[in-house]
Amino acid sequence: MPFTELQNNLDERAAQGLLRTRRTLTTQQSPHISVDGKSYLAYCSNDYLGLANHPQLIAALQNGAKQWGVGAGAAHLVCGHFDAHHQLEQQLASFVGKPAALLFSTGYMANLGVVQALVGKGDTVFADKLNHASLNDAMQLSRAEVKRYRHGDVAQLVHLLAKTQSGRKLVITDAVFSMDGDIAHLPELLALCEQHDAWLYVDDAHGFGVLGAQGRGSLVHFGIASERIIYMATLGKAAGVSGAFVAAEQEVIDTLVNHAHSYVYTTATPPALSVALLKSVQMIEQGDDLRAHLLKIIAQLRKGLSDLPWKLMPSDTAIQPLLIGDNKQALSLGEGLRERGIWVAAIRPPTVPQGTARLRITLSAAHSEADVAELIGAMHELAR
């Protein structure tokens, strides 16, 4: 029976410390949650500004549902594109400094749609080896030739670009790498794209709302702008709601409307979500105090964990990975924290390279200094 083969594969993953399972929350998303009936101090959400259950966003979503209902009913290109969607796209484009924007249901769908629509056979994609899985899948779907360069290795990218003489060229990168927390060298990548007549596709899922003046993202963080940049950000992390958007030149957006399958052939997101997100973008813009607090507790955590036998990876962002190495030891440390009422995700291959299993600590502006001190104390107990 094929089920036996499936179970054998699952058993093998479990023996390697790689089996994934789900945990069920019974409270709203926040630093203090209940999972499977037990209370935890959580450090594994991407709700970087603590907006996921903010009263103002809840009220905005309720008002949006009263005005627009709870479903879009159709794809954007049929009769599912509402005025709330249109307003949000305009606001997002303006917020990140681009001429136009397009909403997608998720960041995964955005990445699949953009890469598949812009490159194909005869074209070449250049990608950082630590890019998100959705970008890797998008490259395969596009049928373009794929050339991957070592993480952050601009010199290798120069070599790969120089050897490519024909077709469209698309350099794609995470802005903030989701498992490492480091930031791509976007100014250098843009300079190379200018030199070699390539597009630069930036996935800013973990930078939007957090980095740059007023939380406008990684492009503003570096002070760069170019018609060559195609910018994607998600709306379920720092923005606290759901979805994603792509911002670019009008010609790019029009091309996506016509050729991005993950946009054309799917039902639009509920317009009520766009009402909530209009409020979220306003709160991000006015959220300097939240970002300042986030930076403060990042510094607190890095100082407090600096003398552990396991080292924090280099990161100035809300993603603070503690490198463990061994899969089972990472799982054991994660379990030790859970026994102390603290939930931190243990990340193992294939999400990260072999031998680099880690505890992925993610901080939120909703965490207090006392919360961070509790985590620091628990980690020192486990080290002893």
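Is it the case that some residue within segment 153-174 is assigned to a loop (DSSP other than H, G, I, E, B) and crowded, with 17+ Cβ neighbours inside 10 Å?
In the first step, residues of segment 153-174 are kept if they are assigned to a loop (DSSP other than H, G, I, E, B); the result is 153, 163-168.
After this cut, where a residue has to be crowded, with 17+ Cβ neighbours inside 10 Å as well, the list is none.
No, segment 153-174 contains no residue that is assigned to a loop (DSSP other than H, G, I, E, B) and crowded, with 17+ Cβ neighbours inside 10 Å.
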Per-region count, segment 287-335, residues open to solvent by 70 Å² or more (accessible area, probe 1.4 Å), among the polar types (S, T, N, Q) and in contact (Cβ under 8 Å) with a residue 24 or more places away in the chain: 1
Filter result (open to solvent by 10 Å² or more (accessible area, probe 1.4 Å) and part of a strand (DSSP E or B)) within segment 357-384: R360
Set A60, A138, A65: member being assigned to a helix (DSSP H, G or I), touching a residue at least 40 places away in the same chain (Cβ under 8 Å) and buried (at least 20 other Cβ atoms within 10 Å of the Cβ): A60
Number of the condition not met by Q90 [criteria: (1) touching a Phe, Trp or Tyr at 6+ places or on another chain (Cβ under 9 Å); (2) over 30 Å from A378 (Cα atoms)]: (1)
Scan of segment 250-282 for residues that are of a type in the set (V, I, T), surrounded by fewer than 24 Cβ atoms within 10 Å (Cβ to Cβ) and not in a helix (DSSP H, G or I), ordered by number: T266, T267
Set K147, K121, K98: member being surrounded by 15 or more Cβ atoms within 10 Å (Cβ to Cβ), touching a residue at least 12 places away in the same chain (Cβ under 8 Å) and part of a loop (DSSP other than H, G, I, E, B): K98
Every residue from segment 217-250 that is out of contact with any strand residue (DSSP E or B) (no Cβ under 7 Å at 6 or more places or on another chain) and within 13 Å of D203 (Cβ to Cβ): K237
Pick from segment 194-213, criterion more than 19 Å from V246 (Cα to Cα) and in contact with a helix residue (DSSP H, G or I) (Cβ under 9 Å, 6 or more places away or on another chain), ranking: surrounded by the most Cβ atoms within 10 Å (Cβ to Cβ): H196
Flag for Q90 being within 14 Å of I230 (Cα to Cα), in a helix (DSSP H, G or I) and open to solvent by 30 Å² or more (accessible area, probe 1.4 Å): no
Conditions (1) in contact with a Cys (Cβ under 9 Å, 6 or more places away or on another chain); (2) open to solvent by 20 Å² or more (accessible area, probe 1.4 Å): number failed by I229: (2)
Checking A84 against (1) more than 18 Å from A238 (Cβ to Cβ); (2) open to solvent by 10 Å² or more (accessible area, probe 1.4 Å), the condition it does not meet: (2)
Qualifying residue in segment 31-41 (condition: within 26 Å of A318 (Cβ to Cβ) and of a type in the set (S, T, N, Q)): yes
Unmet criterion (only one of (1) more than 22 Å from L61 (Cα to Cα); (2) touching a helix residue (DSSP H, G or I) at 6+ places or on another chain (Cβ under 6 Å); (3) open to solvent by 20 Å² or more (accessible area, probe 1.4 Å)) for S242: (1)
Positions within segment 336-354 being modelled with pLDDT of 95 or more, surrounded by fewer than 23 Cβ atoms within 10 Å (Cβ to Cβ) and part of a loop (DSSP other than H, G, I, E, B), in sequence order: R340, G341
Residue list for segment 39-57, restricted to those being farther than 24 Å from G207 by Cβ, out of contact with any helix residue (DSSP H, G or I) (no Cβ under 8 Å at 6 or more places or on another chain) and in contact (Cβ under 8 Å) with a residue 24 or more places away in the chain: S39
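The values are calculated or read from the model by the stated rules, or taken from the named source; none is laboratory data. What you see is a predicted model, and the numbers here were worked out from it, not measured in a lab. Neighbour counts run over all protein chains shown; Cβ positions are idealised from the backbone, glycine included. SASA here: full protein model, heavy atoms, side chains in, ligands and nucleic acids out. Shrake-Rupley method; radii C 1.70, N 1.55, O 1.52, S 1.80 Å.
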